[in-house]
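Asker: The following block contains the structure, expressed as structure tokens.
Bear in mind that the values in this text are calculations on the coordinates, not laboratory data. Since the structure is predicted, the reported quantities are computational estimates derived from the model, not experimental observations. With ideal geometry, Cβ positions are generated from the backbone for all residues, glycine too; neighbour counts draw on all protein chains shown.
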Amino acid sequence: MSRNAPEPRPIQSDRRPPTERNNVRGEATRQVIIAAAERLFAERGITAVPLRDIGIAAGQRNHAAVQYHFGDRDELVKAIMESRGAESEAHRVQVVTSLMMGNRTPTTSDVVDAFVRPLAIHIKPNNHYLAFLSLLITGQGGYEGLNNRDIHAGASVLTLGTLLGRLVTELPPAVLEERWSLARTSAVHALARYQSAQQKREHLPAKIDVLIDDLVAFLSAGLVAPLAGSDPRAR
């Protein structure tokens, strides 16, 4: 062998235990399936997509791959919620912490903004969570309906609801709770519409950031609006 020839490098083998390697591969497969399911659910409807189609879209040769990793449709839906919801929750926790630790008293608009903007982070390419979530809450009766599926809002959203109750004292608690649920549901639908229009390159009346600002202002005004004179709860 020539003196100038490089020394052969030893072949690097994966020395991790077989169980650990299988777990890593299994989690990677789960994430691919979650991404495929989110897209197909958003495009075709949550109950309209056969699990087999999701497996094919995820590149799985085994037609039972989705059932193997998730069990059934409900568990797959929960997995999507947990995966994407964790992204929003991490962002929202920072915002809520800043609100609670700040030097000024938060406003109703601050509360709404803290809910809306962490959802708006999903307005980006190859992300179909808002459209998926919009369809899901429509089918389940809004955020309250989601709780019936054991899919709960993050702790930060619960904190925002408590803070809102302290800020808006002129309304009966039951009215404010209903309006808060309506505001959250409306925010999801509006953001899903913005994302869909952006992905399809349809015309929007303003830039996304401006539309989000206006959405926050609109929802905030609705939360504190006086009750209609015909509403018996106003008496």
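Asker: Looking at E38, E75, which one is surrounded by 12 or more Cβ atoms within 10 Å (Cβ to Cβ) and under 25 Å from K200 (Cα atoms)?
Answerer: E38
Asker: Could you please find all residues in the range 34-73 being under 19 Å from L136 (Cα atoms), of a type in the set (K, R) and touching a residue at least 12 places away in the same chain (Cβ under 8 Å)?
Answerer: Scanning the range 34-73 gives R39, R73.
Asker: Right, another one. Select from the range 31-80 the residues that are more than 24 Å from S196 (Cβ to Cβ), among the aliphatic types (A, V, I, L, M) and not in a helix (DSSP H, G or I) and list them in ascending order.
Answerer: The answer is A64, and nothing else.
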